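Student: Okay, handing you the structure first.
The values are calculated or read from the model by the stated rules, or taken from the named source; none is laboratory data. It should be emphasised that the depicted structure is a prediction, and the values quoted were computed from it without experimental measurement. Ideal geometry is used to build each Cβ from the backbone, glycine not excepted, and the neighbour counts take in all protein chains shown. Only protein heavy atoms, including side chains, enter the accessible area calculation; ligands, DNA and RNA are left aside. Shrake-Rupley method; radii C 1.70, N 1.55, O 1.52, S 1.80 Å.
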Amino acid sequence: MRIHVGSHALFLVALFHSGFLGFAILDPVDFLALQFIRKSLHDLPGSNFLASWDFTSDPCNFAGVYCESNKVVALNLGDPRAGSPGLTGRLDSGFGKLSALVELSIVPGRIYGPLPVSISQLKGLRFLAISRNFISGNIPAALGQLRRLKTLDLSYNQLTGGIPHSIGTLPELTNVILCHNRLSGSVPLFRSQVLSRLDLKHNALSGSLAPNSLPASLQSLSLSWNQLTGPVDKLLSRLNKLNYLDLSLNRFTGPIPGRLFSFPITNLQLERNLFSGPVLPIDQVTIPTVDLSHNRLSGHLSPMLSTVQNLYLNDNQFTGKVPASFVDRILSASIRILYLQHNYLTGIEINPTAAIPLRSSICLQYNCMVPPVQTACPLKAGKVKTRPTAQCQRKG
């Protein structure tokens with residue numbers, strides 16, 4: 001789209017340059033860009049956000065428009081209150097004409113069509129958030145020109161294609177949130193040394209992650225519900241600032257590094273992968289929730305895991321006896337959930353008459369022993385109490 005200066009805008013230009021008006025009037029290019037944006041977007045039923053945009057008055061007083069001097073510096077489009085209907089329509093290329101724009105956000109709604117490539121012209125843009133709409137098409141590779149961008153949130157849309165490698169080169173990125181789209185291809189190398197949150201869950205990403213592909217600054221990493229493969233032990237060992245990690249529902253392989261359990265993580269989700277080998281934390285684990293279920297993990301259970309409140313180790317290949325430290329903490333209600341079903345465990349030293357606290361849950365079903373005690377198991381554990389002897393002999 002090309003912006004043509006009409007008679008109304010020429011009149012404003014004349015007033016602006018003559019100083020006839022006693023207040024700073026909006027730059028005419030920004031004025032026209034807002035008009036084109038207004039024409040391409042509409043209020044959904046129940047919203048009157050854009051209805052208040054009256055171009056016979058100062059656009060810097062419009063809802064969601066913020067100016068400095070005579071330029072638009074921020075656009076927050078739509079009623080931000082929870083449950084508000086939002087907007088519909090397409091994103092006009094006029095966004096790219098707001099040359100001083102630092103922040104662009106649009107509330108959840110029904111905006112459709114592609115993300116305008118013209119947004120890449122906004123060299124000062126630091127915050128771009130257009131989530132929970134129906135944006136489709138590819139993420140423009142030209143967004144890699146936004147060298148000052150700190151937050152990129154295009155989550156919960158219908159974006160397809162790959163994540164442009166140019167996005168990974170942006171030096172000031174702190175938050176990248178592209179979850180719940182239809183993105184494919186590999187995860188690019190992220191060079192920003194201040195990146196703290198990377199959320200790519202619920203896409204169709206594939207390929208492996210190189211040991212140096214993500215910066216050590218990461219605090220939150222979510223890659224669940226993709227098709228990612230290969231080992232990640234060397235990569236994870238570097239990410240010692242993590243407080244949230246979710247790699248579930250992928251095809252990651254290889255060992256889980258023991259030092260990962262010493263990181264300041266509050267929720268560790270590695271379930272439903274192809275991780276293998278023993279689990280050997282180097283110290284008592286203080287992570288409240290650890291889910292390693294549905295993998296190919298093996299060896300004896302480490303007593304270092306007995307300090308976890310909610311521990312899911314079911315559907316693996318663990319062997320040997322359950323350490324006494326687990327029993328002590330179950331009986332004291334320090335462990336809330338201990339799921340050990342569907343392994344090859346051979347025993348647990350606990351009095352069959354021991355009272356399991358009401359707020360604790362332990363499932364030992366389908367191991368190489370008769371469960372001496374247990375609370376109600378999840379339905380998916382099935383009804384068979386003990387694993388067939390032949391399977392246990394092969395494992396032994």
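Student: Isolated Cys in the chain by the 4.7 Å beta carbon test?
Tutor: If one checks each Cβ against the other cysteines of the chain, 179 turn up with nothing under 4.7 Å.
Student: Taking a probe of 1.4 angstrom, what is the accessible area of residue 384 in Å², to the nearest 10?
Tutor: 80
Student: Extension gain residue 243-residue 266, at 0.36 nm per residue separation less the Cα-Cα distance, in nm?
Tutor: 7.7 nm
Student: Over the chain, what is the percentage of antiparallel beta bridges among all DSSP beta bridges, to the nearest 5?
Tutor: Antiparallel: roughly 10 percent of the beta bridges in the chain.
Student: If you place +1 on the Cβ of every Lys and Arg and -1 on the Cβ of every Asp and Glu, how big does the dipole about the Cα centre of the chain come out, in debye to the nearest 20?
Tutor: Magnitude of the dipole: close to 1100 debye.
Student: Let me ask something else about it. Spin-label point model (7 Å from Cα, Cβ direction): what's the residue 353 to residue 379 distance in nm?
Tutor: Taking the simple label geometry, residue 353 and residue 379 are separated by 3.6 nm.
Student: From the square roots a ≥ b ≥ c of the eigenvalues of the alpha-carbon gyration tensor of the range 14-168, which class results: rounded (a/c under 1.5), prolate (a/b over b/c), or oblate?
Tutor: oblate
Student: While we're looking at this one, here's another question. Let me check something: with ligands and nucleic acids excluded, how do 53, 225 order by accessible area (1.4 Å probe), largest to smallest?
Tutor: Listed by decreasing accessible area, they come as 225, 53.
Student: Which residue, chosen from 226, 215, 86, occupies the Cα position most advanced towards the positive end of the dipole of the chain, where the dipole is computed from +1 (Lys, Arg) and -1 (Asp, Glu) charges on Cβ about the Cα centre?
Tutor: 226
Student: Which one of 118, 213, 69 has the biggest mean-square fluctuation once the chain is modelled by GNM with Cα springs under 10 Å?
Tutor: 69
Student: Further, regarding this structure: Residue 353: accessible area at probe 1.4 Å, nearest 10 Å²?
Tutor: Counting only protein heavy atoms, residue 353 exposes about 120 Å² to solvent.
Student: Let me ask something else about it. On a C-alpha basis, how far is the centre of the range 159-177 from the centre of the range 197-254 in Å? Whole number, if you could?
Tutor: Cα centroid of the range 159-177 versus Cα centroid of the range 197-254: 15 Å apart.
Student: Quick check: with the 1.4 Å probe, what order do 261, 55 take by accessible area, largest first?
Tutor: Result of the area sort, largest leading: 55, 261.
Student: According to the square roots a ≥ b ≥ c of the eigenvalues of the Cα gyration tensor, what is the shape class of the range 147-236, taking rounded for a/c under 1.5, prolate for a/b larger than b/c otherwise, and oblate for the remainder?
Tutor: The shape class here is oblate.
Student: Over 32 Å between C-alpha atoms is what I'm after, so list which of 201/321; 241/321; 201/380; 321/383; 241/383 land there.
Tutor: Result: 201/321; 241/321; 241/383 exceed 32 Å.
Student: Going by a ≥ b ≥ c, the root eigenvalues of the Cα gyration tensor, does the chain fall in the rounded group (a/c under 1.5), the prolate group (a/b larger than b/c) or the oblate group?
Tutor: Cα axes put the chain in the prolate bin.
Student: What is the extension gain from residue 136 to residue 210, computed as 0.36 nm multiplied by their sequence separation minus the C-alpha to C-alpha distance, in nm to one decimal?
Tutor: Extra length available between residue 136 and residue 210 comes to 23.7 nm.
Student: Along the Cα→Cβ direction, 7 angstrom out, place labels at residue 145 and residue 300. What is the inter-label distance in nm?
Tutor: Those two pseudo-labels are separated by 6.3 nm.
Student: Something else about it: Show me, for the range 92-104, the HN-Hα J-couplings you get by feeding each phi into the Karplus relation (A = 6.51, B = -1.76, C = 1.60, θ = phi - 60°), rounded to Hz, glycine and proline as x.
Tutor: So the Karplus estimates, Gly and Pro as x, are 7, 5, x, 3, x, 8, 7, 5, 9, 5, 10, 9, 9 Hz.
Student: If I ignore ligands, DNA and RNA and count only protein heavy atoms, how much of residue 191 is accessible to a 1.4 Å probe, in Å² to the nearest 10?
Tutor: Approximately 140 Å² for this residue.
Student: Could you provide, to the nearest whole Å², the per residue accessible area of the range 91-152 with probe 1.4 Å?
Tutor: Solvent-accessible surface per residue comes out at 37 Å².
Student: Here's something else I'd like to know. Taking only Cα atoms of the range 236-283, what ratio of Rg to Rh do you get with Rh as the Kirkwood inverse-distance radius?
Tutor: 0.93
Student: Treating only the Cβ atoms of Lys and Arg (+1) and Asp and Glu (-1) as charged, compute the dipole magnitude of the range 64-149 about its Cα centre; round to the nearest 20 debye.
Tutor: That gives a dipole near 160 debye.
Student: Pick from 274, 104, 358: which residue has the top mean-square fluctuation in a GNM of the chain where Cα pairs under 10 Å get a spring?
Tutor: 358
Student: Through the Karplus equation 6.51 cos²θ - 1.76 cosθ + 1.60, θ set to phi - 60°, convert the phi angles of the range 158-168 into ³J(HN,Hα) values in whole Hz; use x for Gly and Pro.
Tutor: 10, 5, 10, x, x, 7, x, 4, 5, 4, x
Student: Starting from the residue with the highest accessible area, list 54, 315 in decreasing order, probe 1.4 Å.
Tutor: 54, 315
Student: Then there is this: Find the accessible area per residue for the range 189-282; the probe is 1.4 Å, ligands and nucleic acids are left out, and the unit is Å².
Tutor: Ligands and nucleic acids excluded, the figure is 39 Å² per residue.
Student: Mind telling me which of 382, 299, 144 comes out most flexible in a GNM of the chain, alpha-carbon contacts under 10 Å?
Tutor: The residue that fluctuates most here is 382.
Student: For the charge dipole of the chain, defined by +1 on Lys and Arg C-beta atoms and -1 on Asp and Glu C-beta atoms about the Cα centroid, which residue among 374, 42, 32 has the Cα displaced farthest towards the positive pole?
Tutor: The residue sitting farthest along the positive end of the dipole is 374.
Student: Here is a follow-up. What value, in deg cm²/dmol to 500, does the helix sum -39500 (n - 2.57) over DSSP H runs of n ≥ 4 give at 222 nm once divided by the residues of the chain?
Tutor: Theoretical 222 nm ellipticity from helices: -3500 deg cm²/dmol.
Student: For the range 196-310, with only Lys/Arg (+1) and Asp/Glu (-1) charged at the beta-carbon, what is the dipole magnitude about the Cα centre, in debye rounded to 20?
Tutor: Dipole magnitude for the range 196-310 comes out near 220 debye.
Student: Got a number for carbon plus sulfur as a percent of the range 200-314's accessible area, 1.4 Å probe?
Tutor: Roughly 52 percent, rounded to a whole number.
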